[in-house]
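Encoded as structure tokens, the structure appears first; notes follow it.
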Amino acid sequence: MAYAAPIFVFHVTAVIELILLVFALVIEGVSLVHAITQRSDAFGAIGTLPKGGWIAILGICLILTLPAFGFGPLSIFGLVGIAAALIYLLDVRVGLRDLQDGRGW
């Protein structure tokens, strides 16, 4: 009976890593698509990196999060990618939205 616990742990760990991978890829993909569809002059207006810089950062992070390259969402590259995507979504996207709504900074 006690021998089933290690096998169960590996299944739970695999499911948790899969959930984190899907979360990371969705967050990074949404932020990359949003960065691509925005106007390039709006990034300078809110005082952040240019559009090309954000696209490069988010694209590289998305590629390095894929498990095909030997990394995953729990590697250092995956965690940096999640952090970069969240910074974009929670700071830059809000600034771009406020700029487009006319409320400005």
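Exactly one of these conditions fails for Phe71: (1) at pLDDT 85 or above; (2) touching a Gly at 6+ places or on another chain (Cβ under 7 Å); (3) of a type outside the set (Ser, Thr, Tyr); (4) more than 15 Å from Phe23 (Cβ to Cβ). Give me its number.
Failed condition: (1).
Give me a count of the residues in region 1-36 that are modelled with pLDDT under 95 and hydroxyl-bearing (Ser, Thr, Tyr).
Here the count works out to 2.
Give the residue, chosen from Leu25, Leu79, Leu86, that is crowded, with 18+ Cβ neighbours inside 10 Å and within 17 Å of the chain's Cα centre (by Cα). Talk me through it step by step, then tell me what you get.
On the way: Leu79 fails: crowded, with 18+ Cβ neighbours inside 10 Å; Leu86 fails: crowded, with 18+ Cβ neighbours inside 10 Å.
From the options Leu25, Leu79, Leu86, the qualifying one is Leu25.
Given the criterion within 15 Å of Leu86 (Cβ to Cβ) and in contact with an Asp or Glu (Cβ under 9 Å, 6 or more places away or on another chain), identify the matching residue among Leu62, Leu20. Please lay out each step first, then the result.
Values: Leu20 fails: in contact with an Asp or Glu (Cβ under 9 Å, 6 or more places away or on another chain).
Going through Leu62, Leu20 in turn, just one is within 15 Å of Leu86 (Cβ to Cβ) and in contact with an Asp or Glu (Cβ under 9 Å, 6 or more places away or on another chain): Leu62.
Could you check how many residues of region 51-76 are part of a helix (DSSP H, G or I), surrounded by fewer than 18 Cβ atoms within 10 Å (Cβ to Cβ) and of a type in the set (Phe, Trp, Tyr)?
Matching residues across region 51-76 total 1.
Among residues belonging to region 74-105 that are at pLDDT 85 or above and among the small types (Gly, Ala, Ser), point out the one that is nearest to Ile46 (Cα to Cα).
Only one residue fits best here, namely Gly95.
Being more than 17 Å from the chain's Cα centre (by Cα) and of a type in the set (S, T, N, Q), is that true of even one residue in region 43-63?
yes
Give me a count of the residues in region 24-63 that are among the acidic types (Asp, Glu) and touching a residue at least 12 places away in the same chain (Cβ under 8 Å). It would help to see each step written out before you state the result.
First pass over region 24-63, keeping only residues among the acidic types (Asp, Glu): 28, 41.
Subsequent filtering for residues that are touching a residue at least 12 places away in the same chain (Cβ under 8 Å) retains 28.
Counting residues in region 24-63 that are among the acidic types (Asp, Glu) and touching a residue at least 12 places away in the same chain (Cβ under 8 Å) gives 1.
The values are calculated or read from the model by the stated rules, or taken from the named source; none is laboratory data. Note that this is a predicted model, so its numbers are computed, not measured. Because the Cβ atoms are built from the backbone with ideal geometry, glycine has one as well, and the counts that use them run over all protein chains shown.
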